[in-house]
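The values are calculated or read from the model by the stated rules, or taken from the named source; none is laboratory data. Keep in mind it's a predicted model, so treat the numbers as computed, not measured. Every residue, glycine among them, receives a Cβ derived from its backbone with ideal geometry; neighbour counts consider all protein chains shown. All accessible areas refer to the heavy atoms of the entire protein, side chains included, with ligands and DNA or RNA removed. Shrake-Rupley method; radii C 1.70, N 1.55, O 1.52, S 1.80 Å.
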Amino acid sequence: MPYRIIPSFSDNFFHIYNRGNNKEQIFFDDRNYDFFLSRLLDSFETKISLVAYCLMPNHYHLIVYIKETLALEKAMQRFSVSYTKAINKSYNRVGHLFQGRYQSKLIPNNEYLLHLSRYIHRNPFVANLVNNIEDWKYSSYLDYINKRSNSSLEKHFILDQFKSIESYKSFVNEYNVEETYYLKNLIFVE
C-alpha cells in the first residue's frame, strides 16, 4: 500500500502520533523524555507550535499548530531520524525505533481540538500508568494546570476557551465512555 500523509497546510491544527517498532519502548529512562521534547522543539523551529503532548513509554501524541505549509513534514523527518540515531547510539541499538512514519490527522474543528486535548492528557491514567493524571510528568497537563511552566508550549489555543484553569481541569477529569468511543473512531480510523 502506498504511503499517504495529509499535507500540513498553514493555520491548521494536527494530531501527530507514533509508537515504537513492534509496540516496544521509545523511552528507556527519564532523560529520554526531556531529550525527545528538546529535539522536537528544535526541529519545529518557529514554523510549528506545540499545543499539547503526552509521551508514553511506547508511543507519543502531539497537538501542533502549523504556521508554514509543509513545515511539519520536514520537521518530523529531521526529528525522527535525529532521535532514533541518538537513542540507538546511547543504548547500543540498531534498526528502527518507530513503527513507521508518524501519523498525521487534521483536526477538523474546535470541538475535536478540545476533546483531543482531554484524550491526550488522560492517556497515562487510562493506561493505568498513574492513579492521578497529575502524577504523569511526561505530558503538557502539568503546564496546563500551572504546576509547571514550559514557555515553548502554546497552551492558549485551548485554555483561552475556558473560564479558568480549574474549568479546564474539570473538563479533563470528566469522562464518559461514549466520548472515548467517538474520539477513537475519529482519531484512529482512516
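Descriptive notes on the structure:
- Net charge of the neighbourhood of residue 165, taken over other residues with C-beta under 14 Å away and scored Lys/Arg +1, Asp/Glu -1, is +1.
- Shape category assigned to region 87-130 from the gyration tensor of Cα positions, a/c cut at 1.5: oblate
- For the chain: accessible area per residue (Å², 1.4 Å): 54
- Low-density loop cleavage sites - chymotrypsin sites (Phe, Trp or Tyr not before Pro) in region 84-115, where at most 15 other Cβ are within 10 Å (DSSP): 91
- Residues whose placed amide H lies under 5 Å from that of residue 98, excluding near-sequence neighbours: 21
- Couplings 3J(HN,Hα) for region 12-19, derived from phi with the Karplus relation 6.51 cos²θ - 1.76 cosθ + 1.60 (θ = phi - 60°), are 9, 9, 9, 9, 10, 7, 6, 9 Hz, where x marks Gly and Pro.
- Amide H contacts for residue 48 (H built 1.01 Å from N in the peptide plane; partners 5 or more residues away or on another chain; cut-off under 5 Å): 67.
- Shape category assigned to the chain from the gyration tensor of Cα positions, a/c cut at 1.5: rounded
- Neighbour-limited loop hits for trypsin sites (Lys or Arg not before Pro), region 98-136 (at most 16 other Cβ within 10 Å; DSSP other than H, G, I, E, B): 101
- Listed peptides 42-51, 56-65, 126-135 by packing density, highest first (mean Cβ within 10 Å): 56-65, 42-51, 126-135
- Carbon + sulfur, % of accessible area of the chain - ligands and nucleic acids excluded, 1.4 Å: 50
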